[in-house]
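The numbers here are math on the coordinates, done by the rules we state, and not lab data. All values reported here derive from a predicted model rather than from experimental measurement. Note: ideal-geometry Cβ built from the backbone for every residue, glycine included; neighbour counts use all protein chains shown.
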Amino acid sequence: MNSPFTGRSLDWRKICRAAGLEQDPEKLVRIVQKINSALRARQRALRDFAKTRQSATQHISSRLGRAA
């Protein structure tokens, strides 16, 4: 697929700007699909980060509790 939105480093803000400028309805639908995909990926990354951080905090807390 020859699209400017196929890279792993999707910046949803750039894609949104492209959607705002797009005149072709079919292209706009494809761009909106890319926006949704990019936002879902960002949401997953943030959720995974939060889980990892929470797990690390619990691990540190439990180790500190044992050391006391």
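Highest mean packing first, where packing is the average number of other Cβ atoms within 10 Å per residue, the peptides 12-23, 29-40, 48-59 line up as 29-40, 12-23, 48-59.
Of all lysines in the structure, those lying under 21 Å Cα to Cα from K14, and not within fewer than 8 positions of it along the same chain, are K27, K34. With R₀ fixed at 25 Å, the C-beta to C-beta distance from A19 to F49 puts the FRET efficiency at about 0.40.
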